[in-house]
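Participant: Questions regarding the structure given below will be posed in turn.
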Amino acid sequence: ERQTRIRNFSIVAHIDHGKSTIADRILEKTKTISKREMKAQVLDDMDLERERGITIKLNAVELEYEAKDGKTYIFHLIDTPGHVDFSYEVSRSLAACEGALLIVDAAQGVEAQTLANTYLAIDNDLEIVPVINKIDLPSAEPEKVKEEIEEMIGIDADDAVLTSAKTGIGIDELIERIVSDVPAPEGDIDKPLKALIFDSVYDSYRGVVLNVRVFEGIVKPGDRIEIMNNNKKFEVTEVGVMSPKAVPRDYLMAGDVGYITASIKSVKDTQVGDTVTLADNPTDEALAGYRHSQPMVYAGMYPVDNGKYEDLREALEKLQLNDAALEFEPESSQALGFGFRCGFLGLLHMDVIQERLEREFDLDLIITSPSVDYHVTTTADEEIIVDNPAELPDTSEVKEIREPYVRAEIMVPEDYVGPVMELCQRKRGDFVTMDYLDKYRVNVIYKLPLLEIIFDFFDDLKSNTKGYASLDYQVEDYEASDLVKMDILLNGEPVDALSFIVHRDFAYQRGRDIVSRLKEVIPRQMFEIPIQAAIGNKIVARATVKAYRKDVTAKLYGGDRTRRDKLLNKQKAGKKRMKEVGKVSIPQEAFMSVLNLN
Ligand code: GDP
Ligand code: MG
């Protein structure tokens, strides 16, 4: 009977269309959270998420709702991230649900991730409830958005719920629609336990906390569970639900979404996507796991203090438990010592990981310039994969370098098609096709090198289209390109961690840009520091950091105290993340120089 009153659902949307705010309103209405405890975006509990106003980790909460039919329903709401970097997390949470609220901004309409996330929901056989949010805005056009949903997604939007998460309009109706439209879970309680781990968190007191969706059977404290993919066995110490804080329960049963703790000490013992069953009465077949996510961007992470190498390893292991998409393996650099090569979903993901390592684990890090992975054929016909430019063999030993290409879908009002095509062309793109989505909007499809997309493509796209364009992309294949490795020499010595790979056509420009940027960020010292950019033995650009003169600032900014203080503060802050390479101190910004070029 209880099962018929459970509703498991997710919220999917393009970023900023109001997912987190809708979740807040639902939490408020179901009195899961008192007004006093209510703060904006309750589910975004990572500090970083609040500050940036983005949802990074999925979160599951249990809510109780007394419906108009007089019955009390149990909602399990799973919030998901909207940024393109995190679509992997979206597909994970959807596998735990029967339904999805599809939120579309009434003023913006359907955008690239609206489509991408809806397809993920459809792939998971979810019932989709269309919701048009922000109808309070003067620019809201709900009727037009309904048409878009029907034309572009192909689902009936006639009875889409119209809401304003800001003023609260439509939220009551929305909640009733969750009851009526999202199917109750099915699954036999009498069968052996079959539960999907869709997320896990490391907690220093309780060990690994598994977030699970139970599909069959029942689990309670004292049970011996088995992780099916590695046959490890544990005794359950606690089961419960998040509401939104952890609340212990006597059991979790088929249809429930909740957590299990079982004194799991090592973060390596469980993997998101694994199936949990009972050791003494196992289910016969594991659930289909998740497709393993593929990192798109790689960078080296090094502790500023070499003594912190083991701390960094532990921190990465803990983060990886929460974030299956993070990959890392040890690497060393002549310049930076011992560190890790890490794989990320994109630059935002990289940024988030770096900040979490620094805040949650109190580490100071140097990150090398990001790279994609290259498939290289050597002259000896060996195939190697290179995700660290420093490891690219000498040009004389390279026969061919293939780089990852993406299929990029850019959704844009027709007035901006010209600027979008011009941008894609400039980024070495090949035009594929262009479709009218409706009367005013066009989906422009280009094949583009991932290398060009990860750096500043998204910012350029936004500025070229006044923010109207949205982007979705997927790696399609690897193609041969005329790529070269650019080495950077400081004081005549190559610094491996500063090497990068670039297309030959852009090489000279890039070399000049990076040299002048390095000249700005490398602090003066007692001697001159020549900076050179080289392809093989050929120097393509050079500059010199002049020797230090006493009290530079006094001369520069005579009377202007504040400017001078600002400069000094900046230098102080910079000092913390400085790496001594040979006789030269290199600040963190130097390693990121490649990113700031335009
Ligand atoms: P998410 O990225 O989809 O989670 O979006 P958020 O919930 O963080 O909302 C993005 C922005 O839109 C925030 O500034 C919200 O305050 C605002 N917002 C959300 N819902 C509404 C709404 O119904 N009306 C208006 N005017 N603003 C809204
Ligand atoms: Mg959000």
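Read the figures in this text as sums done on the coordinates, not as results from a lab. Remember, it's a predicted structure, so these values are computed and weren't measured experimentally. Glycine gets a Cβ as well: all are built from the backbone with ideal geometry, and neighbour counts include every protein chain shown.
Participant: For the range 271-347 and the range 446-505, what is the centre-to-centre distance using only Cα atoms, to the nearest Å?
Facilitator: 24
Participant: Next question. Using the structure shown, select from 220/308; 308/583; 485/546; 265/308; 462/579; 265/485 the pairs with a Cα to Cα distance greater than 32 angstrom.
Facilitator: Violating the 32 Å Cα-Cα cut-off are 220/308; 462/579; 265/485.
Participant: Using Cα pairs under 8 angstrom and six or more residues apart, how large is the relative contact order of the range 140-196, in percent?
Facilitator: 16
Participant: Can you give the Rg/Rh ratio of the chain, where Rg is from the C-alpha atoms and Rh is the Kirkwood radius?
Facilitator: That ratio is 1.00, to two decimals.
Participant: Next question. Let me know the Kirkwood hydrodynamic radius for the range 272-413, please, with Cα pairs as the basis and the value in Å to one decimal.
Facilitator: In the range 272-413 this quantity evaluates to 17.7 Å.
Participant: Could I ask something else about it? Could you calculate the contour length gain from residue 482 to residue 136, that is, 0.36 nm times the residue separation minus the distance between their Cα atoms, to one decimal place in nm?
Facilitator: 119.4 nm
Participant: Let me ask you something else. Cα-based Rg of the range 475-552 per 2.2 N^0.38 Å, rounded to two decimals?
Facilitator: 1.29
Participant: Based on DSSP H runs of at least 4 residues, each adding -39500 (n - 2.57), what is the mean residue ellipticity at 222 nm of the chain after dividing by all its residues, to the nearest 500 deg cm²/dmol?
Facilitator: For the chain, the value works out to -7000 deg cm²/dmol.
Participant: Please list, by residue number, everything in the range 135-163 whose backbone N is under 18 Å from a paramagnetic label point 7 Å out along Cα→Cβ of residue 181.
Facilitator: Of the residues in the range 135-163, 135-136, 141-163 have backbone N under 18 Å from the label point off residue 181.
Participant: Measuring from centroid to centroid over Cα atoms, what is the spacing of the range 356-418 and the range 121-176 in Å?
Facilitator: About 39 Å separates the Cα centre of the range 356-418 from the one of the range 121-176.
Participant: Across the range 391-445, what fraction of all alpha-carbon pairs, as a whole percent, falls in each successive 10 Å bin from zero upward?
Facilitator: Computed distribution, short to long bins: 21, 38, 18, 14, 8, 1.
Participant: Could you give the dipole magnitude of the chain about its Cα centre, charging the beta-carbon of Lys and Arg +1 and that of Asp and Glu -1, in debye to the nearest 20?
Facilitator: Taking the Cα centre of the chain as origin, the dipole is about 3320 debye.
Participant: Relative to the longest principal axis of the C-alpha atoms of the chain, give the angle of the C-alpha long axis of helix 347-360, reported between 0 and 90° and rounded to the nearest 10°.
Facilitator: That works out to roughly 80 degrees.
Participant: Viscosity 1.567 mPa s, temperature 4 °C: Stokes-Einstein D of the range 482-525 from its Kirkwood Cα radius, in µm² per second?
Facilitator: 116
Participant: Moving to a separate point now. According to the Kirkwood expression over distinct Cα-Cα pairs, how big is the hydrodynamic radius of the range 413-532, in Å?
Facilitator: Kirkwood radius, the range 413-532: 17.0 Å.
Participant: May I ask for the equivalent-ellipsoid semi-axes of the range 445-502, computed as the square root of five times each C-alpha gyration tensor eigenvalue and listed largest first in whole Å?
Facilitator: 30, 17, 8
Participant: Here's another thing I want to ask about it. Can you tell me the orientation of helix 171-181 relative to the chain, as the angle in degrees between its alpha-carbon axis and the longest Cα principal axis, to the nearest 10?
Facilitator: 70
Participant: Taking only C-alpha pairs under 8 Å that are 6+ residues apart, what is the relative contact order of the range 383-518 in percent?
Facilitator: About 30 percent, as a whole number.
Participant: Then there is this: Of the chymotrypsin sites (Phe, Trp or Tyr not before Pro) in the range 190-294, which ones lie in a loop per DSSP and count no more than 10 other C-beta atoms within 10 Å?
Facilitator: Sparse-neighbourhood loop chymotrypsin sites (Phe, Trp or Tyr not before Pro): 205.
Participant: Placing +1 on the Cβ of each Lys and Arg and -1 on the Cβ of each Asp and Glu in the range 441-536, which of 511, 461, 481 has its Cα farthest towards the positive end of the resulting dipole?
Facilitator: Highest projection toward the positive end goes to 461.
Participant: Give the residue from 348, 332, 375 lying farthest towards the positive end of the charge dipole for the range 304-426; charges sit on Cβ (+1 for Lys and Arg, -1 for Asp and Glu) and the dipole is referred to the Cα centre.
Facilitator: 348
Participant: Sticking with this one: What's the FRET efficiency of residue 527 with residue 505 using the Cβ-Cβ distance as r and R₀ = 35 Å, to the nearest 0.05?
Facilitator: Here the calculated transfer efficiency is 0.45.
Participant: Here's another thing I want to ask about it. For the Cα atoms of the chain, what angle does the longest principal axis make with the long axis of helix 19-29, in degrees from 0 to 90, nearest 10?
Facilitator: Between the helix axis and the principal axis of the chain, the angle is about 30 degrees.
Participant: Got the relative contact order for the range 354-408 handy, in percent, Cα pairs under 8 Å and 6 or more residues apart?
Facilitator: 32
Participant: In the range 68-194, how many lysine pairs have Cα atoms under 22 Å apart, counting only pairs 8 or more places apart or on different chains?
Facilitator: 5
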